[in-house]
Amino acid sequence: MSTVQITAADVNKLRQQTGAGMMDCKKALTEANGDFEAAIDNLRKKGAKVAASRQDRESNEGVVIAKTTADGKRGVVVEFNCETDFVAKNADFVAFANSIADLAIEKNPASLEQLVELELNGEKLADTIISQIGKIGEKVGVSKFENVTGEKVIAYIHGNYRLGVLVALSSNPASADEVGKDVAMQIAAMNPVAIDKGDVDSRTIERELEIAKDVIRAEGKPEEMVEKIAAGKLNKFYKDSTLLNQEFVKDSTKTVAQFLNDVEKGLTVSAFKRVQLGA
């Protein structure tokens, strides 16, 4: 069987189609005897092999992308990981992460599992990610996906794609974008565990009370005072750790709830999500 001559133009064409390196493209075309479809399959198989061989590698670098729909009624946040900071800062890597977030905005999957089954540019996202592993040479993947709906959803990205926040407001005042960004920055900085006191799960409350009681007893306080002091510490926890009760970072004379109510009577936060890279 005759061997097809692989030209530089052929190699460049395959490189443009797949994003793989020049030498990888030349090798794939040579092995496929010039058949572009077979060469693409060879590159994908190489990607799968790379993926399998790197399963034990840590991929705690990457980017967090947060976006909203054009009408501001829904938002998504996606964490796309790689192994090194060098790759995380690559423009193509960031662009690919943005394309995943755009796909989630367009198709509205309910979960991470549904997201990776969607098609991106005619190929299942899970398979496209494997191809990216072959192209980049590092373990990459989507580790987190969250979505939020509301009357007005604001997306905020902090620290060069290292943290993303979605916050949903209960209504859509004229200053919603600015207000939402202020609240999102509060969430990024203060990492609240819930919106309000009633949203804290019972396990967290029990843990905080037990810790408080142990500390109080260790300080030698009388047993009859333990419950009362512990209740006070729990209230301090609510003030520090629930969004609406926190001091507003831009004006410490107000809580976040008071800040929102000053913007519009009854305005509050209906939902939020905070995704931090590697956390």
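The values are calculated or read from the model by the stated rules, or taken from the named source; none is laboratory data. In this text the structure is predicted, and so the values were computed from the model without any measurement. Every residue, glycine among them, receives a Cβ derived from its backbone with ideal geometry; neighbour counts consider all protein chains shown.
Below, the figures for the structure above:
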read-out	value
Hits in region 140-174 - residues which are surrounded by fewer than 20 Cβ atoms within 10 Å (Cβ to Cβ) and in a loop (DSSP other than H, G, I, E, B)	E151, G159, N160, R162, S170, S171, N172, P173, A174
Positions within region 1-32 being hydroxyl-bearing (S, T, Y) and farther than 24 Å from I129 by Cα, in sequence order	S2, T3, T7, T30
Yes/no for V153 being closer than 30 Å to F272 by Cβ and in contact with a Pro (Cβ under 9 Å, 6 or more places away or on another chain)	no
Test: E83 is of a type outside the set (S, T, N, Q), touching a residue at least 40 places away in the same chain (Cβ under 8 Å) and either surrounded by fewer than 23 Cβ atoms within 10 Å (Cβ to Cβ) or touching a Cys at 6+ places or on another chain (Cβ under 8 Å) (or both)	yes
Sole exception among (1) over 25 Å from K181 (Cβ atoms); (2) among the aliphatic types (A, V, I, L, M); (3) out of contact with any Phe, Trp or Tyr (no Cβ under 9 Å at 6 or more places or on another chain); (4) outside any loop (DSSP other than H, G, I, E, B) for L14, by number	(3)
Count of region 84-108 residues which are in a loop (DSSP other than H, G, I, E, B) and touching a strand residue (DSSP E or B) at 6+ places or on another chain (Cβ under 6 Å)	1
Where L103 falls short, out of the listed (1) surrounded by 13 or more Cβ atoms within 10 Å (Cβ to Cβ); (2) in contact with a helix residue (DSSP H, G or I) (Cβ under 8 Å, 6 or more places away or on another chain); (3) more than 20 Å from I157 (Cα to Cα)	(3)
Residue that is farthest from D177 (Cα to Cα), among those in region 237-272 that are in contact with a helix residue (DSSP H, G or I) (Cβ under 9 Å, 6 or more places away or on another chain) and among the basic types (K, R)	K239
Members of region 107-128 found to be closer than 13 Å to V78 by Cβ and over 16 Å from the mean Cα position of the chain (by Cα), listed by number	K107, L118, L120, L125
Any hit, region 216-228, residues being more than 19 Å from G150 (Cα to Cα) and buried (at least 20 other Cβ atoms within 10 Å of the Cβ)	yes
Test for N42: is it outside the structural domain of A104 (by TED's automatic domain parsing) and touching an Asp or Glu at 6+ places or on another chain (Cβ under 7 Å)	yes
All positions within region 258-270 that are surrounded by 15 or more Cβ atoms within 10 Å (Cβ to Cβ) and touching a residue at least 24 places away in the same chain (Cβ under 8 Å)	F259, L260, V263, E264, L267, T268, V269, S270
Checking K135 against (1) of a type outside the set (V, I, T); (2) part of a helix (DSSP H, G or I); (3) free of Cβ contacts under 8 Å to residues at least 40 places away in the same chain, the condition it does not meet	(3)
